[in-house]
1. Percent relative contact order of the stretch 1-48, based on C-alpha pairs within less than 8 angstrom and at least six residues apart?
2. Quick one: among PRO305, PRO269, PRO56, which has the greatest mean-square fluctuation in a GNM of the chain with alpha-carbon springs under 10 angstrom?
3. Accessible area of the chain with a 1.4 Å probe: how many percent of it is carbon plus sulfur?
4. Considering only ILE227, ILE237, ILE314, give the residue with the highest GNM mean-square fluctuation for the chain, with springs between Cα atoms whenever their separation is below 10 Å.
5. Which order do the peptides 375-386, 138-149 take when ranked by the mean count of other beta-carbon atoms within 10 Å per residue, highest first?
6. Collect residues whose amide H, placed 1.01 Å from N in the peptide plane, falls under 5 Å from the amide H of ILE36; neighbours closer than 5 in sequence don't count.
7. Among ALA105, PRO232, VAL196, pick out the residue whose Cα is farthest towards the positive end of the charge dipole of the chain, where Lys and Arg carry +1 and Asp and Glu carry -1 on C-beta, about the Cα centre.
8. Are there any trypsin sites (Lys or Arg not before Pro) in the stretch 24-132 that are in a DSSP loop and have at most 12 other Cβ atoms within 10 Å? List them by number.
Amino acid sequence: MAFKVGIAGCGTVGSGVVKLLTENCKLIEERTGKKIEIAFVADLNKDKVLSLGVKPEKFFDDALKAVKEVECDAVVELIGGTGIAKEVIKEALKRKRHVITANKALLASSGQELFNLAKENKVSLKYEASVGGGIPVIKALREGLIGNRIERIYGIINGTANFILTQMSQKGLSFDEALKVAQEKGYAEADPTLDVEGIDAAHKIAVLSSLAFCRWVKTEDVYVKGIKELTPLDIEIAREEFGYSVKLLAIAKEVEGALEVRVHPTMIPEENILSSVNGVFNACLIKGDFVGETLYYGKGAGSEPTASAVVSDIVDVAVGNTFFAPECLFKGSNLRIREPDQFTSSFYLRFTAVDRPGVLAKIAQILGKYEISIKMALQKGVAFNGGVPVVMTTHPARKREINLAVKEIDQLSVILKPTFVCMIEEF
Ligand code: NDP
Ligand code: HSE
């Protein structure tokens with residue numbers, strides 16, 4: 001008997017799923033013994049759906065109505081957002097249908113509620129496509145690494161931001177110029193806020209860390225800083241003077257009994273493998289206590305790669321693999337979220353200063369007052385924002401002391417602009 005799926009939302013990802021299921025239906029059946037059949041496709045645009053070869057009787061312009069009226073084994077939610085998408089998922093779960101979604105924004109806000117609803121109704125809620133597009137990183141974390149205590153996750157999990165940073169690094173473009181290229185190529189949305197402010201990556205690291213550390217992590221638990229303040233000069237100095245590349249890195253790790261979850265521009269050693277993840281590609285480096293470091297790399301977005309992940313979830317439930325979340329996640333956890341003030345790392349500080357004797361000494365004195373040890377210091381002989389850039393890297397320091405010191409330094413009359421601060425991750 002065929003396994004019947006209803007598809008709610010037939011945009012970029014949904015149309016890819018319809019196409020994949022149509023083109024590779026036979027291949028999937030040969031491999032799994034299961035025939036996957038589309039029960040309905042719901043979208044606001046009928047012509048778009050029919051142009052994919054979907055029969056008119058399978059089209060619905062109301063996803064909720066389709067879920068209520070059409071018998072199926074699983075519902076695939078690809079509408080996105082936290083409104084109607086949530087209603088569709090809840091309705092499907094209550095009707096004891098498995099649900100597959102790519103909706104990281106919804107999982108990062110309502111994951112606990114939806115997972116519990118799935119469990120209550122004894123069905124599965126799968127979400128492979130919610131992180132890393134086509135990369136099977138969720139399955140790796142949930143199943144492949146199940147025997148490991150996860151120590152840390154490093155992710156380049158926003159393709160748009162990574163594309164912009166790559167353009168800034170390789171072509172010396174400003175943030176605005178690189179964003180324009182990303183928009184022209186169709187990578188960035190007209191409103192790129194979620195991508196460039198780090199919010200999309202925060203949704204994704206929330207999903208990954210809930211799974212890895214058995215504690216619900218919501219978007220608001222993630223410290224987030226976007227990439228807009230970065231200049232090509234910082235990227236050039238980081239590379240040429242210190243041997244770092246700059247990535248929008250999502251990080252989750254347990255430190256001193258607390259969970260640290262953050263997304264921000266990060267300087268990483270050029271020899272680290274994540275440095276070579278460029279353009280729209282994504283990568284996740286996951287370290288387990290027995291396996292050591294593992295790396296997952298591929299296309300993090302787009303119709304076909306994301307459809308590949310969605311279909312892997314469909315096939316999973318069709319063949320009876322309904323395991324979707326570790327049991328401990330449902331039991332609750334005492335693991336607290338670490339306050340950003342406590343984050344400890346080396347820092348890159350770029351001051352915009354008046355070019356005058358004694359400026360370095362003034363800065364160094366304040367850093368010393370907060371017991372921040374300077375590792376390297378240099379002044380670039382270029383005009384910058386009406387002054388000159390003075391750059392320092394520090395030995396490991398707490399973010400709290402860095403913030404206090406920078407606040408005081410920025411009040412000096414020789415400092416012309418707010419100081420740019422970037423964390424360094426040495427791995
Ligand atoms: P799109 O906006 O391209 O597709 C959403 C579709 O849902 C649109 O066709 C929209 O119609 C339709 N829709 C809106 N409201 C309803 C409704 N009430 N009933 C039925 N259909 C409706 O989004 P994407 O395909 O890009 O994204 C879908 C999900 O996948 C999101 O959660 C996203 O975060 C996630 N995702 C996307 C990736 C990508 O590469 N695009 C990668 C990984 C995850 P209309 O256009 O007419 O409004
Ligand atoms: N907007 C995301 C990105 C793709 O640029 O990576 C969807 O997850």
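1. Working: 53 pairs, mean separation 27.5, N = 48.
Across the stretch 1-48, relative contact order equals 57 percent.
2. PRO56
3. Working: 9010 of 18280 Å².
Result for the chain: 49 percent of the exposed heavy-atom area is carbon or sulfur.
4. Evaluated over the chain, the most mobile residue of the options is ILE237.
5. Numbers: 375-386: 12.3, 138-149: 16.6.
The packing order, highest mean first, is 138-149, 375-386.
6. PHE3
7. Going by the Cα projections, it comes out as ALA105.
8. Values: sites: LYS26, ARG31, LYS34, LYS35, LYS46, LYS48, LYS58, LYS65, LYS68, LYS86, LYS90, LYS94, ARG95, LYS96, ARG97, LYS104, LYS119, LYS122, LYS126; in loops: LYS34, LYS35, ARG95, LYS96, ARG97, LYS122.
Counting only loop positions with at most 12 other Cβ atoms within 10 Å, the trypsin sites (Lys or Arg not before Pro) in the stretch 24-132 are LYS96, LYS122.
The values are calculated or read from the model by the stated rules, or taken from the named source; none is laboratory data. Please read these numbers as outputs of a predicted model, since none were measured by experiment. Because the Cβ atoms are built from the backbone with ideal geometry, glycine has one as well, and the counts that use them run over all protein chains shown. Heads up: the accessible areas ignore ligands, DNA and RNA and are worked out on the full protein's heavy atoms, side chains in. Shrake-Rupley method; radii C 1.70, N 1.55, O 1.52, S 1.80 Å.
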